[in-house]
Amino acid sequence: MPPRVHIVADDLTGALDSAATFAARGARVRVACTPADFATALASGADVVAVATGTREGSEADAISKARIVAQALDGRDGLLFKKIDSRLKGHIGTELDALVPAGASLLVNPSIPALGRYCSDGAITGAGVETPIAVADRIGRPVTVPDTPDQASLDAQLPDRLEETVFVGAAGLAEALARRLWPAPQPRALPRPGLPALLAIGSRDPVTSAQIAALDDVPLAEAPNGACPALPDVPLLLLRMTQGSEAIDGAQAGAAFAETIATAHDRLHPATLFACGGESAAALLARLKIGQLDVLGEALPGVPVARCADGPPLLLITKSGGFGPPDTLVKLVKFLVNG
């Protein structure tokens with residue numbers, strides 16, 4: 001049996017997309033939506049257990065506090081630690097690592113995602129969606145060496161012979177390398193077919209996601225300025241998108257309003273499938289529905305994980321990070337939903 005993998009991510013979509021690569025090869029995968037749900041997930045018996053701390057957009061003090069809760073839950077447990085980080089190095093990476101990993105621990109750091117066109121070169125992340133190369137060591141806060149990574153094969157080759165002696169710090173590319181090493185003979189399970197009614201909740205304003213929305217035709221769209229949408233159409237397939245309102249408000253306030261709007265749409269539509277783009281949107285809705293545990297089943301598309309709620313109402317959850325995917329990602333997803 002491969003060692004258990006523990007994934008710590010700073011947002012829910014990150015926890016899901018890094019965990020999905022293991023599920024796609026046949027591993028049993030459980031994701032805790034918050035640190036408070038982590039102990040239950042650890043007791044699930046899953047091969048891979050991930051937790052979303054929800055700290056990317058919050059304060060540094062909150063990030064440290066939640067990382068310490070996770071570290072305490074992991075204390076004394078055997079297995080591998082994978083600190084999932086944003087491939088464009090957003091968030092409180094250095095301070096969270098300090099709370100999770102002792103100084104002097106052996107780290108393998110590489111945020112490359114070759115499948116997305118993001119690579120490491122000269123110690124910096126570069127490529128798709130990265131206007132100016134970002135020095136990795138500066139964001140990690142420790143002296144680390146990041147080899148040039150032009151493709152997935154070079155990333156796979158960076159794994160050490162003895163995995164147990166290393167803490168892994170990276171994104172979906174490094175997760176894929178680790179999953180391939182631990183589950184070399186994939187035995188993927190058949191995914192449940194997503195179906196209608198379906199709610200597509202888009203909280204991200206990333207240009208990548210905007211291009212994906214622009215490529216859609218004939219999908220009812222309801223806009224939620226600053227998160228609020230007073231009139232929701234009664235349709236079996238609805239795309240609900242948060243937009244900027246006429247007045248500037250705090251991002252957390254807009255996010256809370258959008259979560260309430262999504263919850264209202266959920267209560268009206270009773271969707272069999274929820275697609276959430278943007279980790280904050282997905283996490284807020286799941287909290288509203290009192291869902292703390294997700295079983296990750298695989299991927300609907302590359303980088304688009306599928307999960308089933310392990311507690312709370314029956315719901316198939318599909319997620320995507322804001323800066324991920326080609327322009328036809330949502331077009332393909334809608335075809336899955338409509339053709340069931």
(request) Identify all residues within region 47-60 that are out of contact with any Asp or Glu (no Cβ under 8 Å at 6 or more places or on another chain) and crowded, with 23+ Cβ neighbours inside 10 Å; write none if there are none. (result) 48, 49, 50
(message) Looking only at region 97-129, how many residues end up being surrounded by 15 or more Cβ atoms within 10 Å (Cβ to Cβ) and closer than 23 Å to residue 161 by Cβ?
(response) 9
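Answer yes or no: is there a residue in region 287-304 that is farther than 21 Å from residue 209 by Cβ, part of a strand (DSSP E or B), of a type in the set (Gly, Ala, Ser) and touching a residue at least 12 places away in the same chain (Cβ under 8 Å).
Of region 287-304, the ones farther than 21 Å from residue 209 by Cβ are 287-298.
Now restrict to residues that are part of a strand (DSSP E or B): 293-298.
Of the ones still in play, those that are also of a type in the set (Gly, Ala, Ser) are 298.
With the extra rule that they be touching a residue at least 12 places away in the same chain (Cβ under 8 Å), the set shrinks to 298.
Scanning region 287-304 turns up at least one residue that is farther than 21 Å from residue 209 by Cβ, part of a strand (DSSP E or B), of a type in the set (Gly, Ala, Ser) and touching a residue at least 12 places away in the same chain (Cβ under 8 Å).
Every residue, every condition in (1) without any contact (Cβ under 8 Å) to a residue 60 or more places away in the chain; (2) open to solvent by less than 50 Å² (accessible area, probe 1.4 Å), yes or no:
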site	(1), (2)
205	no, no
208	no, yes
212	no, yes
221	yes, no
226	yes, yes
230	yes, no
235	yes, yes
240	yes, yes
244	yes, no
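Taking the residues in region 308-340 that are in a helix (DSSP H, G or I) and loosely packed, with under 14 Cβ neighbours inside 10 Å as candidates, determine which candidate is modelled with the lowest pLDDT. Outline the logic, then answer.
Filtering region 308-340 down to residues in a helix (DSSP H, G or I) leaves 329-339.
With loosely packed, with under 14 Cβ neighbours inside 10 Å added as a condition, the list becomes 335, 339.
On the way: 335: 89, 339: 79.
Result: 339.
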(request) Return a yes/no flag: does region 124-133 have any residue that is within 20 Å of the chain's Cα centre (by Cα), among the aliphatic types (A, V, I, L, M) and modelled with pLDDT of 95 or more. (result) yes
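Listed here are the residues, each with its yes/no results for (1) closer than 23 Å to residue 67 by Cβ; (2) open to solvent by 30 Å² or more (accessible area, probe 1.4 Å); (3) part of a helix (DSSP H, G or I); (4) free of Cβ contacts under 8 Å to residues at least 40 places away in the same chain.
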{"position": "95", "(1), (2), (3), (4)": "yes, yes, yes, no"}
{"position": "132", "(1), (2), (3), (4)": "no, yes, no, yes"}
{"position": "143", "(1), (2), (3), (4)": "yes, yes, no, yes"}
{"position": "161", "(1), (2), (3), (4)": "no, yes, no, yes"}
{"position": "184", "(1), (2), (3), (4)": "no, yes, no, yes"}
{"position": "191", "(1), (2), (3), (4)": "no, yes, no, no"}
{"position": "195", "(1), (2), (3), (4)": "no, no, no, no"}
(request) Only residues that are in contact with a Lys or Arg (Cβ under 8 Å, 6 or more places away or on another chain) and either within 17 Å of residue 282 (Cα to Cα) or open to solvent by 10 Å² or more (accessible area, probe 1.4 Å) (or both): list them for region 18-41, please. (result) 18, 25, 26, 35
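When you look at residue 258, is it aromatic (Phe, Trp, Tyr) and outside any helix (DSSP H, G or I), yes or no?
On the way: aromatic (Phe, Trp, Tyr): yes; outside any helix (DSSP H, G or I): no.
Criteria not met by residue 258.
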(request) Only residues in region 63-86 that are without any contact (Cβ under 8 Å) to a residue 40 or more places away in the chain and over 20 Å from residue 175 (Cα atoms) count as the first member; pair them with residues that are in a helix (DSSP H, G or I) and of a type in the set (Ser, Thr, Tyr), Cβ under 8 angstrom, at least 6 apart or cross-chain, and list the lot. (result) 64/95
(request) Look at region 145-159 and say how many of its residues are free of Cβ contacts under 8 Å to residues at least 24 places away in the same chain and either within 17 Å of residue 133 (Cα to Cα) or outside any helix (DSSP H, G or I) (or both). (result) 2
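The values are calculated or read from the model by the stated rules, or taken from the named source; none is laboratory data. In this text, all values refer to a predicted model and were calculated from it rather than measured experimentally. Positions of Cβ are generated from backbone atoms using ideal geometry, with glycine treated the same way; all protein chains shown enter the neighbour counts. Please note that ligands, DNA and RNA were not included when accessible areas were found on the heavy atoms of the full protein model with its side chains. Shrake-Rupley method; radii C 1.70, N 1.55, O 1.52, S 1.80 Å.
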